[in-house]
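Notes to accompany the following structure.
The values are calculated or read from the model by the stated rules, or taken from the named source; none is laboratory data. Because the structure is predicted, anything quoted here is derived from the model rather than measured. With ideal geometry, Cβ positions are generated from the backbone for all residues, glycine too; neighbour counts draw on all protein chains shown. The protein model used for the area step is the full one, side chains on, heavy atoms only, and it has no ligands, DNA or RNA in it. Shrake-Rupley method; radii C 1.70, N 1.55, O 1.52, S 1.80 Å.
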Amino acid sequence: MKVGKMGGRLISLMGCAVLLCLWSAAVAEGAAYLKYKDPKQPISARIKDLMSRMTLEEKIGQMTQIERKLASSDIMKKYFVGSVLSGGGSVPAPMASAETWINMVNEFQKGSLSTRLGIPMIYGIDAVHGHNNVYNATIFPHNVGLGVTRDPQLLKRIGAATALEVRATGIPYTFAPCIAVCRDPRWGRCYESYSEDHRIVQAMTEIIPGLQGDAPAGTPKGVPFVAGKTKVAACAKHFVGDGGTVKGIDENNTVIDYKGLLSIHMPAYFDAVRKGVATVMVSYSSWNGKRMHANHDLVTGFLKDKLKFRGFVISDWQGIDRITDPPHSNYVYSVQAGVLAGIDMVMLPENFTEFIDDLTSLVKKNVIPMSRIDDAVKRILRVKFTMGLFENPLADLSLVNQLGSQEHRELAREAVRKSLVLLKNGIDNQPLLPLPKKSPKILVAGSHANNLGYQCGGWTIEWQGHGGNDLTVGTTILTAIKNTVDPSTQVIYNENPDANFVKSNSFSHAIVVVGETPYAEGAGDSLNLTIPEPGPSTIKNVCGSVKCVVVIISGRPVVVEPYLSSISALVAAWLPGTEGQGVADVLFGDYGFTGKLARTWFKSVDQLPMNVGDPHYDPLFPFGFGLTTKPKKGN
Ligand SMILES: *[C@@H]1O[C@H](CO)[C@@H](O)[C@H](O)[C@H]1NC(C)=O
Ligand SMILES: *[C@@H]1O[C@H](CO)[C@@H](O)[C@H](O)[C@H]1NC(C)=O
Ligand SMILES: *[C@@H]1O[C@H](CO)[C@@H](O)[C@H](O)[C@H]1NC(C)=O
Ligand SMILES: *[C@@H]1O[C@H](CO)[C@@H](O)[C@H](O)[C@H]1NC(C)=O
């Protein structure tokens, strides 16, 4: 029975005396009316009502996000934990099904729902190129490839597909998109960045309404919006200047004046906040020597006060620990500095009771004012109410078929096609691409031709990613080539042939697929940006003897100038993900090449950093470069 609705009618009929009758009706029904649980109440009233009932312990619980390995129904209940996350590669079981994921998330949720106030927890995961921790999910190209597409509507569709796959596993929150503006490809996270140009990064924030849904017209700027059970809360990261560190060193120092910070690294936050992004993650990096996790002026003064962001601010993994050098050397100070800077939810992969104890005592000693705690909790509850988590806290199996669906794989394949950049096509005005589907015999070579893990890169199944074809479900480039050529074409695969092998066979042409091996974050920092062996030897052995197309699989531009003259055609494929068919679609002319570089391709690493617009700009291939081909009908 809808007490509120009937009550309204009675009140208008009989006046205030009826309130008593209403109250006894509710009691007779055995459920006292709780305003915060009433979805018909405005969110602000629900927040106010709930906060008035919460103890300090319950409030600090909301600010606590723990890793799934530490979580259980009992822990959720005992500490009033507000959020749980999966770190990179943290899964309930290897190759876990959607149902296994749902059961795990629901189990934690039941613990939260059994607390006195029954505030649901929010489960978060890094779904940064599709739902990449999950077996059989669609893996989309990493952002470095998506920037090439210049296609915001494609990004929106990818966001919507990713939201469905994340929800398929019972999860309502992703730590994406990364809106870093990578200014130096030596950075190990450069592939998580759409472009060195902030305008492309801004345009690509269209993934946010894809993930969260479109905020209705009239939604005030900065108010988070997430449209229900098929959408997820997003997270713009890493605030701010993560892509501007010295020499691209991960988590290091971004040296730039305020004007530069605002004009290069900040613009995409204006777009993300305007589009109703639910959360923002703080960067490990420093700005002019000051750790962002302790930067009150930017986190509170700029993001919350100036941009009017009203979702919640989350720390990075052990982000507050790293405020001090060495990390965790003065944890009480870290908690104080991080929370006072304006961080609302703290990501705690290890000792969360230490955080709870330290924060509690800092509040009791008035070092951290209660108003700061209330601001944090209000923001977290606002996101939870907005997305309907109180009404729908438990996931069911209704979306499990969305995971890795054919429709999503077709979308990823389209994204792969549009992300390829043709850097060279033929020698002496003789274009090599598109390749004919019908040839007597072709060679496919290279470490990355038949390696699903390599083509997906880092943040795939495991944090660092890994090589091989059994990590998840997908199509390698070799398989895609075999699927595409005429049945009469003989495809010879030899991963690393010697020159004699190539010479002694009469190949019409060769496709060589080489590149970087998977990495994530600081493990990917590189000062040389070379293609590791045997990539260069394979190029030399093959391209020295037969016309060859070289396809580079990499998270960023790499050193190619020394090989360029021996290569007939060169394609940058970035980290395309599971749908390798998109590469063959374009190589063999079912579709044309359309991609334009969203990064500058340098000649040598000593030019770095070098970005479009720089005074001494002298690239191998400039920003915006990309040859085109026309689709070849009846090939
Ligand atoms: C930057 O990296 C250098 C070299 O590893 C290190 O000494 C320094 O502390 C780092 N600075 C910051 C702000 O992280
Ligand atoms: C967590 O930190 C507390 C100090 O607040 C310490 O007593 C406890 O042993 C730590 N637990 C673990 C598992 O490290
Ligand atoms: C992957 O997902 C698709 C679509 O839900 C399903 O048809 C297929 O059986 C799954 N494959 C594996 C190996 O789990
Ligand atoms: C290039 O740098 C990477 C990462 O630091 C290193 O592992 C590799 O050995 C270097 N390669 C060369 C040829 O120096």
Exercise. Of all residues in the stretch 414-450, how many are farther than 15 Å from residue 584 by Cβ and of a type in the set (S, T, N, Q)?
Worked result: 4
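Looking at the stretch 449-458, can you tell me whether even one residue there is more than 29 Å from the chain's Cα centre (by Cα) and of a type in the set (A, V, I, L, M, F, W, C)? Lay out the reasoning, then the answer.
Narrowing the stretch 449-458 to residues more than 29 Å from the chain's Cα centre (by Cα): none.
Looking for residues that are more than 29 Å from the chain's Cα centre (by Cα) and of a type in the set (A, V, I, L, M, F, W, C), one finds none in the stretch 449-458, hence no.
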For this session: Those residues that are under 24 Å from residue 435 (Cβ atoms), open to solvent by 40 Å² or more (accessible area, probe 1.4 Å) and touching a helix residue (DSSP H, G or I) at 6+ places or on another chain (Cβ under 8 Å), I need them from the stretch 454-473; list them, please.
Result: 469
Exercise. Regarding residue 612, is this residue hydrophobic (A, V, I, L, M, F, W, C) and closer than 29 Å to residue 544 by Cβ?
Worked result: no
Seminar exercise, completed: If we ask which residues in the stretch 40-78 are among the hydroxyl-bearing types (Ser, Thr, Tyr), crowded, with 16+ Cβ neighbours inside 10 Å and farther than 21 Å from residue 125 by Cα, their number turns out to be 0
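Could you please let me know if residue 426 is open to solvent by less than 20 Å² (accessible area, probe 1.4 Å) and more than 26 Å from residue 621 (Cα to Cα)? Before the answer, list the steps.
On the way: open to solvent by less than 20 Å² (accessible area, probe 1.4 Å): yes; more than 26 Å from residue 621 (Cα to Cα): no.
So residue 426 fails the test.
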Exercise. Could you list, in sequence order, the residues of the stretch 206-252 that are under 26 Å from residue 291 (Cα atoms) and more than 19 Å from the chain's Cα centre (by Cα)?
Worked result: 222, 245, 246, 247, 248, 249, 252
For this session: Return yes or no: is residue 85 open to solvent by 40 Å² or more (accessible area, probe 1.4 Å) and closer than 23 Å to residue 175 by Cα?
Result: no
Exercise. Under 6 Å by Cβ, and 6 or more places apart or on different chains, what pairs join a residue from the stretch 527-556 that is in the same structural domain as residue 515 (by TED's automatic domain parsing) with one that is open to solvent by less than 40 Å² (accessible area, probe 1.4 Å) and aromatic (Phe, Trp, Tyr)?
Worked result: 546/507; 555/191
Seminar exercise, completed: Only unsatisfied item for residue 243, checking (1) away from ligand 4 (no atom under 16 Å from the Cβ); (2) part of a loop (DSSP other than H, G, I, E, B), is (2)
Exercise. Considering only residues of the stretch 509-536 that are away from ligand 1 (no atom under 16 Å from the Cβ) and open to solvent by 40 Å² or more (accessible area, probe 1.4 Å), which is nearest to residue 442 (Cα to Cα)?
Worked result: 534
Exercise. Is it the case that the stretch 281-294 has a residue that's away from ligand 2 (no atom under 16 Å from the Cβ), in contact with a strand residue (DSSP E or B) (Cβ under 7 Å, 6 or more places away or on another chain), closer than 19 Å to residue 173 by Cβ and of a type in the set (Val, Ile, Thr)?
Worked result: yes
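Condition test on residue 191, is it touching a strand residue (DSSP E or B) at 6+ places or on another chain (Cβ under 8 Å) and either in contact (Cβ under 8 Å) with a residue 60 or more places away in the chain or surrounded by 19 or more Cβ atoms within 10 Å (Cβ to Cβ) (or both)? Quick ask: steps written out before the conclusion?
Values: touching a strand residue (DSSP E or B) at 6+ places or on another chain (Cβ under 8 Å): no; either in contact (Cβ under 8 Å) with a residue 60 or more places away in the chain or surrounded by 19 or more Cβ atoms within 10 Å (Cβ to Cβ) (or both): yes.
Judged against the criteria, residue 191 is not a match.
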Exercise. Which condition number in (1) out of contact with any helix residue (DSSP H, G or I) (no Cβ under 8 Å at 6 or more places or on another chain); (2) outside any helix (DSSP H, G or I) is the one that residue 171 fails?
Worked result: (1)
Exercise. Condition test on residue 448, is it within 26 Å of residue 188 (Cα to Cα), open to solvent by 10 Å² or more (accessible area, probe 1.4 Å) and either part of a helix (DSSP H, G or I) or touching a residue at least 40 places away in the same chain (Cβ under 8 Å) (or both)?
Worked result: no
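Taking the condition in contact with a helix residue (DSSP H, G or I) (Cβ under 7 Å, 6 or more places away or on another chain), assigned by TED's automatic domain parsing to the domain that holds residue 502 and modelled with pLDDT of 95 or more, does residue 447 pass? Reasoning before the result, please.
Details: in contact with a helix residue (DSSP H, G or I) (Cβ under 7 Å, 6 or more places away or on another chain): yes; assigned by TED's automatic domain parsing to the domain that holds residue 502: yes; modelled with pLDDT of 95 or more: yes.
Here the answer is yes, as residue 447 does meet what is asked.
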Problem set entry | Residues being open to solvent by 40 Å² or more (accessible area, probe 1.4 Å) and farther than 10 Å from residue 240 by Cα - total across the stretch 276-292 | 4
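More than 22 Å from residue 280 (Cβ to Cβ) and assigned to a loop (DSSP other than H, G, I, E, B): does that describe residue 157?
Details: more than 22 Å from residue 280 (Cβ to Cβ): yes; assigned to a loop (DSSP other than H, G, I, E, B): no.
No, not satisfied.
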Exercise. Where residues in the stretch 89-114 are assigned to a loop (DSSP other than H, G, I, E, B) and open to solvent by 20 Å² or more (accessible area, probe 1.4 Å), which of them is farthest from ligand 3 (Cβ to nearest atom)?
Worked result: 114
Exercise. Just to be sure, is residue 515 within 16 Å of ligand 4 (Cβ to nearest atom) and touching a residue at least 60 places away in the same chain (Cβ under 8 Å)?
Worked result: yes
Seminar exercise, completed: Scanning the stretch 247-259 residue by residue, those part of a helix (DSSP H, G or I) and open to solvent by 10 Å² or more (accessible area, probe 1.4 Å) turn out to be 247, 258, 259
